[in-house]
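Chemist: The structure under discussion is supplied below as structure tokens; questions concerning it will follow.
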Amino acid sequence: MRKNRLVYGLMLLIAGIFVYQVPGTISAALFYMLLILPICSLFYVFITFMVFKVKQDIDSRHVLKGGNTQLTCTIYNDTSFLFPPMELKLIGSSLLFNDPIKKEEFILVPKSKRTFNYSLQCKYRGAFSIGIEAVIIKDPFRLFSIRFKGVEAIKIMVYPKIILLNDTSMLLESHKESSKWNNLMSHDPYSVSEIRPYHHGDSKKNVHWKMSAKMQQWMVKIKKEKLRKKVVMLLDTKSLRVSEEEKLFLEDYCIELMVGHIKVFLDHWIPTRLLYNDLNNYDKMVIGAKDFRIFYKQLAMVQFAPNRNMEILIDNLLEEKRNGKHLGMVHVFTFHISEALIAKLTALKGSDEIVFVHHILANASASKQVQNSSSMNDMQEKGLTINQYMPQL
């Protein structure tokens, strides 16, 4: 288009010199034709801008990861005159399109339409905006163009797959922690595991009268059976420094692994609490299988970023524990293991908590992680259960 403007300017200059050197009807007509040409062309484009119609649609706005959907865009010419050249510009991640998007100009004859179909392969979970970013209308001489941006983007949600865990007995049995707990509970299902100050909402049936008299304040007893049935799911949303495609793959794997664990707990009606740091801290607890959809939809929208800090959330849990609140079993999903994290998780673990660390490894860091196996052994010696995963792209 820039080249055409330079050519037009040169032609107009030559015509001006010609009419000045050789005055006459022909030279003047040629000059004025070139002078009026852009105005007429602009008017033609403006009329097209006012009367053309555009429509877009998609097969499904809710897709399971790995599924396909189709975007359809249609431009209409309901008038009786020929439209100038037009072009579609699409919005959306290039990772969604099966084939590269080609720039294609088209001209609509009277009473016609042009339909474009784009196949989308939803390889990664998340919320995406897709559709027509602009309809570009060009004048026939390629001197300028007008962009129509009045089309609202289509929002689609790609849900993660659910990794079905082959062995769920370990997760469920971990609530009982050990045979020692089993023996205690079988002999005395109401044995006391914790005595703490009375909190608003505690049942008066759980008041420990002797301890209350001794401490000169209301004290309540918490039963082992009650303590065991809680789960905290903690997600580290700090992203990896790897290629974009590998990063998306590993983030999705982490989310899918977490979703699989949550499904096990909620299917067995174990209250599950989800924590992670996004634009704001997300902290919510649900109770049973009927609430699984809440976390499933929430985890589909999680965004990872380099500046996220999970340790703040762990500090909040430690503060809750110091205030006498029982957390239950804690599952941590992370790409990053550090000495500071190990220290905080060790502090988090106690007589009433079990901490599982699910460490997802990138291929690039796998060899380095093997060298740091001493840190893994150190975590196990401190009572933290470590599970490592190395998914293949």
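Every read-out reported here was derived from the displayed coordinates using simple, explicitly stated rules and does not represent laboratory data. No experiment lies behind these values; they were computed from the predicted model shown. FYI the Cβ positions are ideal-geometry reconstructions off the backbone, even for glycines, and counts take in every protein chain you see.
Chemist: Would you work out if the stretch 228-325 is rounded, prolate or oblate? Take a ≥ b ≥ c from the square roots of the eigenvalues of the alpha-carbon gyration tensor; rounded if a/c is under 1.5, else prolate when a/b is larger than b/c, oblate otherwise. Before the final figure, lay out the partial values.
Modeler: Details: a/c = 2.38, a/b = 1.27, b/c = 1.88.
Verdict is oblate for the stretch 228-325.
Chemist: Once the convex hull of the C-alpha atoms of the stretch 53-159 is built, how many Å³ does it hold per residue, rounded to a whole number?
Modeler: So the per-residue Cα hull volume is 91 Å³.
Chemist: While we're looking at this one, here's another question. Using θ = phi - 60° and the Karplus curve 6.51 cos²θ - 1.76 cosθ + 1.60, what whole-Hz ³J(HN,Hα) does each residue of the stretch 330-339 get, with Gly and Pro shown as x?
Modeler: The phi angles translate into 10, 10, 10, 10, 8, 9, 10, 10, 9, 4 Hz.
Chemist: In sequence order, what are the phi-derived ³J(HN,Hα) couplings for the stretch 344-349 according to the Karplus relation 6.51 cos²θ - 1.76 cosθ + 1.60 with θ = phi - 60°, rounded to whole Hz, with x for glycine and proline?
Modeler: 5, 5, 5, 5, 5, 6
Chemist: Evaluate E = 1/(1 + (r/R0)^6) for residue 153 and residue 3, where r is the Cβ-Cβ distance and R0 equals 35 Å; express this FRET efficiency to the nearest 0.05.
Modeler: Values: r = 32 Å, r/R0 = 0.93.
About 0.60, to the nearest 0.05.
Chemist: Could I ask something else about it? For all pairs of alpha-carbon atoms in the stretch 97-142, what percent lies in each bin of width 5 Å, listed from the first bin to the last filled one?
Modeler: Over the stretch 97-142, the share of Cα pairs per 5 Å bin runs 4, 11, 22, 22, 16, 11, 7, 4, 2 percent.
Chemist: As a footprinting exposure proxy, order 272, 334 by other Cβ within 10 Å, with the fewest listed first. All intermediate terms of the calculation are to be shown ahead of the outcome.
Modeler: Numbers: 272 27, 334 19.
The order, fewest Cβ neighbours first, is 334, 272.
Chemist: With bins 5 Å wide starting at 0, give me the P(r) of the stretch 11-62 over every alpha carbon pair, in whole percents.
Modeler: 4, 17, 15, 11, 9, 9, 8, 7, 5, 4, 4, 3, 3, 1
Chemist: Report Rg(Cα)/(2.2 N^0.38 Å) for the stretch 4-114, keeping two decimals. Don't skip to the end; give the middle numbers.
Modeler: Numbers: Rg = 21.9 Å, N = 111, 2.2 N^0.38 = 13.2 Å.
That ratio works out to 1.67.
Chemist: Still on this model: Of all the Cα-Cα pairs you can form in the stretch 73-121, what percent are over 15 Å apart?
Modeler: Details: 596 of 1176 pairs.
The answer is 51 percent, as a whole percent.
Chemist: Turning to a different aspect of this structure: Among 93, 109, 82, whose Cα lies farthest out toward the positive end of the dipole of the stretch 53-159, if unit charges sit on the beta carbon of Lys, Arg (+1) and Asp, Glu (-1)?
Modeler: 93
Chemist: So, one more: Quickly rank 237-244, 32-39 as a protection proxy: mean count of other C-beta atoms within 10 Å, highest first.
Modeler: Numbers: 237-244: 15.2, 32-39: 13.0.
In descending order of packing, they fall as 237-244, 32-39.
Chemist: Okay, next question. Rounded to whole Hz and in sequence order, give me ³J(HN,Hα) for the stretch 255-269 from the Karplus expression 6.51 cos²θ - 1.76 cosθ + 1.60, θ = phi - 60°, writing x for Gly and Pro.
Modeler: 5, 5, 5, 5, 4, x, 5, 4, 4, 4, 5, 6, 4, 9, 6
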